[in-house]
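To start, the structure under review is shown below, and the notes come after it.
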Amino acid sequence: AQSVTQLGSHVSVSEGALVLLRCNYSSSVPPYLFWYVQYPNQGLQLLLKYTTGATLVKGINGFEAEFKKSETSFHLTKPSAHMSDAAEYFCAVSAFMDSSYKLIFGSGTRLLVRP
Amino acid sequence: DAGVIQSPRHEVTEMGQEVTLRCKPISGHDYLFWYRQTMMRGLELLIYFNNNVPIDDSGMPEDRFSAKMPNASFSTLKIQPSEPRDSAVYFCASSQGHPGNEQFFGPGTRLTVL
(Lines give C-alpha, C1' and ligand atoms only; values in the text may rest on other atoms or scores of the structure.)
Protein backbone atom coordinates (compact mmCIF):
# COMPACT_ATOMS: atom_id res chain seq x y z
CA ALA A 1 0.00 0.00 0.00
CA GLN A 2 1.16 3.49 -0.77
CA SER A 3 2.05 5.68 2.19
CA VAL A 4 3.93 8.79 3.20
CA THR A 5 6.11 9.13 6.29
CA GLN A 6 7.29 12.45 7.62
CA LEU A 7 10.01 12.11 10.19
CA GLY A 8 9.58 14.50 13.07
CA SER A 9 6.27 16.07 13.98
CA HIS A 10 8.13 19.21 15.09
CA VAL A 11 11.36 20.73 13.77
CA SER A 12 12.94 23.79 15.36
CA VAL A 13 15.63 25.90 13.69
CA SER A 14 17.20 29.28 14.26
CA GLU A 15 16.51 32.10 11.86
CA GLY A 16 19.09 31.91 9.07
CA ALA A 17 19.77 28.20 9.59
CA LEU A 18 19.20 25.41 7.10
CA VAL A 19 15.72 23.91 7.00
CA LEU A 20 15.43 20.18 6.32
CA LEU A 21 12.07 18.44 6.49
CA ARG A 22 12.09 14.74 5.73
CA CYS A 23 9.63 12.76 3.68
CA ASN A 24 9.75 9.12 2.62
CA TYR A 25 7.12 7.43 0.52
CA SER A 26 6.21 3.98 -0.60
CA SER A 27 4.82 3.54 -4.05
CA SER A 28 4.78 0.68 -6.50
CA VAL A 29 4.82 3.02 -9.49
CA PRO A 30 6.69 6.25 -10.24
CA PRO A 31 4.93 8.76 -8.05
CA TYR A 32 3.81 12.32 -8.29
CA LEU A 33 5.11 14.03 -5.14
CA PHE A 34 4.09 17.26 -3.49
CA TRP A 35 4.91 19.54 -0.60
CA TYR A 36 2.19 21.75 0.83
CA VAL A 37 2.42 24.44 3.52
CA GLN A 38 -0.31 25.41 5.94
CA TYR A 39 -0.15 28.69 7.81
CA PRO A 40 -2.30 29.12 10.93
CA ASN A 41 -6.03 29.26 10.21
CA GLN A 42 -5.50 28.82 6.49
CA GLY A 43 -5.85 26.08 3.91
CA LEU A 44 -3.00 24.13 2.40
CA GLN A 45 -0.94 25.88 -0.27
CA LEU A 46 1.23 24.09 -2.82
CA LEU A 47 4.96 24.71 -2.31
CA LEU A 48 6.31 22.51 -5.08
CA LYS A 49 5.70 19.29 -6.98
CA TYR A 50 7.58 16.54 -8.78
CA THR A 51 5.97 14.76 -11.70
CA THR A 52 8.67 13.79 -14.19
CA GLY A 53 12.00 15.11 -15.41
CA ALA A 54 14.52 16.96 -13.27
CA THR A 55 14.72 15.46 -9.81
CA LEU A 56 15.59 18.74 -8.08
CA VAL A 57 12.45 20.79 -7.89
CA LYS A 58 12.31 24.44 -6.93
CA GLY A 59 9.26 25.92 -5.31
CA ILE A 60 8.01 29.14 -3.85
CA ASN A 61 9.63 31.08 -0.99
CA GLY A 62 13.09 29.63 -1.66
CA PHE A 63 12.17 26.02 -0.92
CA GLU A 64 13.35 23.08 -2.98
CA ALA A 65 13.10 19.30 -2.83
CA GLU A 66 14.96 16.45 -4.43
CA PHE A 67 13.36 13.23 -5.60
CA LYS A 68 15.63 10.30 -4.83
CA LYS A 69 14.14 7.12 -6.21
CA SER A 70 16.77 4.84 -4.66
CA GLU A 71 15.99 6.22 -1.23
CA THR A 72 12.24 6.70 -1.84
CA SER A 73 12.67 10.17 -0.40
CA PHE A 74 11.51 13.67 -1.22
CA HIS A 75 13.06 15.86 1.46
CA LEU A 76 12.29 19.59 1.57
CA THR A 77 15.08 22.11 2.13
CA LYS A 78 15.68 25.83 2.38
CA PRO A 79 19.17 27.26 2.85
CA SER A 80 18.20 30.00 5.30
CA ALA A 81 15.10 29.98 7.48
CA HIS A 82 12.99 33.08 7.90
CA MET A 83 10.55 33.79 10.68
CA SER A 84 7.74 33.77 8.14
CA ASP A 85 8.50 30.11 7.33
CA ALA A 86 6.96 29.00 10.61
CA ALA A 87 4.06 26.79 9.56
CA GLU A 88 3.04 23.18 9.13
CA TYR A 89 4.38 21.32 6.12
CA PHE A 90 2.77 18.31 4.48
CA CYS A 91 4.33 15.87 2.05
CA ALA A 92 1.92 14.05 -0.28
CA VAL A 93 2.10 11.31 -2.91
CA SER A 94 -0.34 10.65 -5.69
CA ALA A 95 -1.38 7.03 -5.40
CA PHE A 96 -3.88 4.54 -6.74
CA MET A 97 -5.68 3.13 -3.74
CA ASP A 98 -9.03 1.44 -3.23
CA SER A 99 -9.83 1.56 -6.92
CA SER A 100 -9.24 5.27 -7.33
CA TYR A 101 -6.50 7.85 -7.43
CA LYS A 102 -6.00 10.16 -4.50
CA LEU A 103 -3.40 12.25 -2.76
CA ILE A 104 -2.02 10.54 0.32
CA PHE A 105 -0.81 13.08 2.85
CA GLY A 106 1.80 12.63 5.52
CA SER A 107 1.02 13.53 9.10
CA GLY A 108 2.73 16.90 8.81
CA THR A 109 5.79 18.58 10.33
CA ARG A 110 5.45 21.79 12.27
CA LEU A 111 8.40 24.10 11.64
CA LEU A 112 9.34 26.48 14.44
CA VAL A 113 11.80 29.29 13.69
CA ARG A 114 13.66 30.80 16.65
CA PRO A 115 14.83 34.42 16.46
CA ASP B 1 -9.28 33.64 -10.05
CA ALA B 2 -10.79 33.81 -6.58
CA GLY B 3 -9.60 30.34 -5.65
CA VAL B 4 -11.71 27.78 -3.83
CA ILE B 5 -14.42 29.44 -1.78
CA GLN B 6 -15.90 27.91 1.35
CA SER B 7 -18.69 29.09 3.58
CA PRO B 8 -19.19 29.60 6.38
CA ARG B 9 -15.67 30.10 7.75
CA HIS B 10 -16.81 29.29 11.26
CA GLU B 11 -19.83 27.36 12.46
CA VAL B 12 -20.88 26.71 16.03
CA THR B 13 -23.86 24.48 16.58
CA GLU B 14 -25.41 22.25 19.18
CA MET B 15 -25.37 18.50 19.15
CA GLY B 16 -28.19 17.09 17.08
CA GLN B 17 -28.48 20.01 14.72
CA GLU B 18 -28.01 19.79 10.97
CA VAL B 19 -24.89 21.43 9.56
CA THR B 20 -24.30 22.31 5.92
CA LEU B 21 -20.91 23.32 4.60
CA ARG B 22 -20.57 24.86 1.16
CA CYS B 23 -17.86 24.95 -1.47
CA LYS B 24 -17.29 26.61 -4.80
CA PRO B 25 -14.36 25.09 -6.71
CA ILE B 26 -12.08 26.90 -9.09
CA SER B 27 -13.76 27.39 -12.44
CA GLY B 28 -12.75 24.71 -14.93
CA HIS B 29 -11.62 22.20 -12.33
CA ASP B 30 -13.32 18.84 -12.75
CA TYR B 31 -12.36 17.24 -9.44
CA LEU B 32 -13.62 18.30 -6.04
CA PHE B 33 -12.48 16.91 -2.69
CA TRP B 34 -13.75 17.19 0.87
CA TYR B 35 -11.24 16.74 3.72
CA ARG B 36 -11.47 16.84 7.47
CA GLN B 37 -8.55 17.92 9.67
CA THR B 38 -8.23 17.22 13.39
CA MET B 39 -5.30 17.17 15.78
CA MET B 40 -5.79 13.48 16.48
CA ARG B 41 -6.32 12.15 12.95
CA GLY B 42 -4.62 14.74 10.77
CA LEU B 43 -5.94 15.34 7.26
CA GLU B 44 -8.52 12.79 6.09
CA LEU B 45 -10.10 12.54 2.65
CA LEU B 46 -13.85 12.16 3.05
CA ILE B 47 -15.11 12.04 -0.52
CA TYR B 48 -14.26 13.23 -3.99
CA PHE B 49 -16.20 14.00 -7.15
CA ASN B 50 -15.32 13.96 -10.82
CA ASN B 51 -17.55 15.97 -13.14
CA ASN B 52 -20.11 16.23 -10.32
CA VAL B 53 -20.25 12.45 -9.80
CA PRO B 54 -19.06 10.94 -6.49
CA ILE B 55 -16.11 8.64 -7.22
CA ASP B 56 -14.85 7.59 -3.80
CA ASP B 57 -16.77 8.09 -0.57
CA SER B 58 -14.89 5.49 1.43
CA GLY B 59 -13.68 8.16 3.84
CA MET B 60 -17.13 9.33 4.86
CA PRO B 61 -17.27 8.36 8.53
CA GLU B 62 -20.89 7.26 8.74
CA ASP B 63 -24.38 7.76 7.42
CA ARG B 64 -24.72 11.05 9.23
CA PHE B 65 -22.44 12.55 6.60
CA SER B 66 -23.58 13.20 3.05
CA ALA B 67 -22.15 15.21 0.16
CA LYS B 68 -23.65 16.47 -3.06
CA MET B 69 -22.44 18.28 -6.13
CA PRO B 70 -25.48 19.46 -8.09
CA ASN B 71 -23.38 21.35 -10.64
CA ALA B 72 -19.78 22.11 -11.53
CA SER B 73 -19.60 25.20 -9.36
CA PHE B 74 -21.15 24.08 -6.09
CA SER B 75 -20.88 21.30 -3.54
CA THR B 76 -22.25 20.74 -0.05
CA LEU B 77 -21.21 18.55 2.85
CA LYS B 78 -24.02 17.90 5.29
CA ILE B 79 -23.90 16.42 8.77
CA GLN B 80 -27.22 15.35 10.26
CA PRO B 81 -27.39 15.00 13.21
CA SER B 82 -24.13 16.57 14.31
CA GLU B 83 -22.13 15.28 17.27
CA PRO B 84 -19.30 16.84 19.31
CA ARG B 85 -16.80 14.44 17.75
CA ASP B 86 -17.52 16.05 14.37
CA SER B 87 -15.75 19.20 15.55
CA ALA B 88 -12.92 19.79 13.09
CA VAL B 89 -11.78 21.97 10.22
CA TYR B 90 -13.35 20.89 6.94
CA PHE B 91 -11.52 21.71 3.73
CA CYS B 92 -12.70 21.67 0.18
CA ALA B 93 -10.14 21.35 -2.62
CA SER B 94 -10.29 21.14 -6.39
CA SER B 95 -8.02 19.97 -9.16
CA GLN B 96 -8.00 19.61 -12.90
CA GLY B 97 -7.56 16.64 -15.19
CA HIS B 98 -6.56 13.92 -12.75
CA PRO B 99 -7.29 13.24 -9.07
CA GLY B 100 -3.59 12.83 -8.42
CA ASN B 101 -2.75 16.28 -9.71
CA GLU B 102 -2.06 19.21 -7.43
CA GLN B 103 -5.04 20.27 -5.44
CA PHE B 104 -6.05 23.80 -4.58
CA PHE B 105 -7.49 24.17 -1.12
CA GLY B 106 -10.08 26.53 0.26
CA PRO B 107 -9.59 28.34 3.58
CA GLY B 108 -11.64 25.77 5.47
CA THR B 109 -14.68 25.80 7.72
CA ARG B 110 -14.03 25.45 11.43
CA LEU B 111 -16.92 23.48 12.90
CA THR B 112 -17.59 23.34 16.62
CA VAL B 113 -20.37 21.09 17.87
CA LEU B 114 -21.31 21.73 21.49
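The values are calculated or read from the model by the stated rules, or taken from the named source; none is laboratory data. Given the structure is predicted, the values throughout are model-derived calculations rather than measurements. Glycine also receives a Cβ, built like all others from the backbone with ideal geometry; neighbour counts cover every protein chain displayed.
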B:Asp63 away from chain A (no Cβ under 14 Å), free of Cβ contacts under 8 Å to residues at least 12 places away in the same chain and among the acidic types (Asp, Glu):
yes
Answer with yes or no whether B:Pro99 is assigned to a loop (DSSP other than H, G, I, E, B), more than 13 Å from the chain's Cα centre (by Cα) and more than 14 Å from every other protein chain (Cβ to nearest Cβ).
no
A:Gly43 vs (1) within 13 Å of chain B (Cβ to nearest Cβ); (2) touching a residue at least 24 places away in the same chain (Cβ under 8 Å); (3) buried (at least 20 other Cβ atoms within 10 Å of the Cβ): all pass except (2)
Quick one: is A:Leu112 within 14 Å of chain B (Cβ to nearest Cβ) and either touching a residue at least 40 places away in the same chain (Cβ under 8 Å) or among the charged types (D, E, K, R) (or both)?
no
Looking at B:Phe104, B:Phe49, which one is within 14 Å of chain A (Cβ to nearest Cβ), within 15 Å of B:Gly28 (Cβ to Cβ), without any contact (Cβ under 8 Å) to a residue 60 or more places away in the chain and not small (Gly, Ala, Ser)?
B:Phe49
Somewhere in segment A:22-29, is a residue assigned to a loop (DSSP other than H, G, I, E, B) and of a type outside the set (Val, Ile, Thr)?
yes
With the condition kept exactly as written, say whether any residue in segment A:35-46 is of a type in the set (Val, Ile, Thr) and more than 20 Å from A:Ala17 (Cα to Cα).
no
Pairs only if they're at least six apart or on different chains, beta carbon under 8 angstrom, first in segment B:7-18 and in contact (Cβ under 8 Å) with a residue 40 or more places away in the chain and of a type in the set (Ser, Thr, Tyr), second part of a loop (DSSP other than H, G, I, E, B) and surrounded by fewer than 11 Cβ atoms within 10 Å (Cβ to Cβ); list them, first residue then second.
B:Thr13/B:Leu114
Positions within segment B:38-52 being on the phi > 0 side of the Ramachandran plot and part of a loop (DSSP other than H, G, I, E, B), in sequence order:
B:Asn51, B:Asn52
Check whether at least one residue in segment A:52-73 is acidic (Asp, Glu) and closer than 24 Å to B:Phe33 by Cα, and report yes or no.
no
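Can you say whether A:Phe90 is out of contact with any Asp or Glu (no Cβ under 9 Å at 6 or more places or on another chain), closer than 19 Å to A:Val13 by Cβ and in contact (Cβ under 8 Å) with a residue 12 or more places away in the chain, as far as the supplied structure shows?
Yes, satisfied.
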Scanning segment B:87-96 for residues that are within 11 Å of chain A (Cβ to nearest Cβ) and under 13 Å from the mean Cα position of the chain (by Cα), the one surrounded by the most Cβ atoms within 10 Å (Cβ to Cβ) turns out to be B:Cys92
Does B:Pro84 satisfy being more than 11 Å from every other protein chain (Cβ to nearest Cβ) and modelled with pLDDT of 95 or more?
yes
Across segment B:61-70, which residue is surrounded by the fewest Cβ atoms within 10 Å (Cβ to Cβ) among those that are over 15 Å from B:Gln17 (Cα atoms) and at pLDDT 95 or above?
B:Pro70
If you go through segment B:57-74, how many residues are within 26 Å of A:Leu47 (Cα to Cα) and in contact with a Pro (Cβ under 8 Å, 6 or more places away or on another chain)?
1
Somewhere in segment B:81-89, is a residue closer than 24 Å to A:Leu48 by Cα and in contact (Cβ under 8 Å) with a residue 40 or more places away in the chain?
yes
